[in-house]
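Below: the structure, in structure tokens.
The values are calculated or read from the model by the stated rules, or taken from the named source; none is laboratory data. Note that the structure is a prediction, hence the values are computed from the model and not measured. Positions of Cβ are backbone-derived with ideal geometry, glycine not excepted, and every protein chain shown enters the neighbour counts. Protein only, heavy atoms only, side chains kept; ligands, DNA and RNA dropped before computing areas. Shrake-Rupley method; radii C 1.70, N 1.55, O 1.52, S 1.80 Å.
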Amino acid sequence: MMKTLTITRPDDWHTHVRNGAILQAVLPHTATQFARAIIMPNLKPPVTTVTQALVYREEILQALPTGANFTPLMTLYLTAATTVEDIKAAAESDAIHAFKLYPAGATTNSDAGVANIATIYPLLAALEKHQLPLLLHGEVTDESCDIFDRERVFIDRHLTTITRDFPSLRVVLEHVTTSEAVQFVVAAGDNVAATITPQHLLFNRNAMLVGGIKPHYYCLPILKRESHRQALINAAISGSAKFFLGTDSAPHTRDLKENSCGCAGCYSAFGALELYTEAFEQADALDKLEGFASFYGADFYRLPRNTDTVTLEKSTWTIPSSYGDITPLKAGETLSWKLIR
Ligand code: DOR
Ligand code: ZN
């Protein structure tokens, strides 16, 4: 008999679905895999107001395949121009679930991000007051800081102070990649959590750099060495409610990835749950997948857990070499679990 795994339907607490043609291409994948997803606001121009987010939300709903049962959870992009009134308006909207902070220049479409975190302290106070989560791209951007150290230095330089000065601010350190990030989150209060991507659970930096440079493994924060991957696996399978699923699925067209200055981002929405299942199985911890994928994120965001289920079967399939103009993570390779659709 075919081996199967049934879990409560999961949610993705960090994804990029873009807009326009890419939205049309990727949204069916996310909506098949997940009941809900936190939609990152780094469009061009960024989504900074409730009004813009509601327009974007409508565009997403229009792009859903008929019969899809999927709820986009919108976020706003925090900039130096964000006001305390913007935060109050977001808190009053049922559609908005968090603010995202990108240090200026940290990653794709982050030019509008915050150059000096000290200047937005009144905004952090407003987020704390209105109980809206702050989602952090936790990397410093100074040129002098080595790219492999940027997350650790962000924690030392900024996150320690933010969590000290705003002790009840709910913070998600997004897409953690280092043992230092895991240690920080474990030691912090229950108001501090982290998402972990499939690529950071499955690969270390060799995947990107050995045997030729592999642009489809380039994302930010960049893949780290094996000991960090091990720390992330241990966090994900620990059963701690502080760590939950966030794919950071980040589609870019192939020409922008396979480029002399390639964009950061791995496209994983097509098979996100299968990728995570593979990682949990390798760690002999399939029993820990459901909490990570389906419970802890909803609890952190103070949303009800989903009540329906999804089933995966143990059967090998080959990931296509492309989905239209987008090359998926592990293109052309196999996965050993398949979501029954
Ligand atoms: O690799 C990444 N891609 N990291 C990010 O933080 C942003 C994302 C994107 O939007 O492409
Ligand atoms: Zn992201």
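The orientation-averaged projected area of the convex hull spanned by the Cα atoms of region 66-164 comes to 8.0 nm².
Each Lys or Arg adds one and each Asp or Glu subtracts one; over the other residues with Cβ under 9 Å from the Cβ of Ala37, this totals -1. Values of log10 I(q)/I(0) for region 1-159 across q = 0.11, 0.15, 0.19 Å⁻¹ run -0.49, -0.85, -1.18, by the Debye formula with one identical scatterer at each alpha carbon and no solvent. Kirkwood analysis of the Cα pair distances in region 102-207 returns a hydrodynamic radius of 14.4 Å.
Across the chain, Cα-Cα pairs farther apart than 32 Å form 23% of the total.
Just the number, please: carbon plus sulfur as a percent of the accessible area of the chain, 1.4 Å probe, no ligands or DNA/RNA counted.
51 percent
Put simply, when 223-229, 1-7 are sorted by average Cβ atoms within 10 angstrom per residue, most first, you get 223-229, 1-7.
Using alpha-carbon pairs under 8 Å, 6+ residues apart, how would you state the relative contact order of region 234-277 in percent?
Contact order relative to length: 33 percent.
Protection proxy ranking, highest mean first, for peptides 67-74, 315-322, 15-22: 15-22, 67-74, 315-322, where packing is the per-residue count of other beta-carbon atoms within 10 Å, averaged. Dividing the mean sequence gap of close Cα pairs (under 8 Å, 6+ apart) by how many residues the chain holds gives a relative contact order of 19 percent. Other residues whose C-beta falls under 14 angstrom from the C-beta of Arg152 contribute a net charge of -3, scoring Lys and Arg +1 and Asp and Glu -1.
Rounded to two decimals, the Cα radius of gyration of region 244-328 over 2.2 N^0.38 Å is 1.31. Put simply, region 104-152 fits an ellipsoid with semi-axes of 23, 11, 10 Å; these come from the alpha carbon gyration tensor as the roots of five times its eigenvalues, largest first. Accessible surface calculations at 1.4 Å, restricted to protein heavy atoms, place the chain at 39 Å² per residue.
Straight-distance candidates among the lysines for linking to Lys288, with alpha-carbon spacing under 25 Å and chain neighbours fewer than 8 residues away dropped: Lys3, Lys224, Lys242, Lys314, Lys330, Lys338. Largest GNM mean-square fluctuation among Pro122, Pro221, Pro103, using the chain with Cα springs under 10 Å: Pro122.
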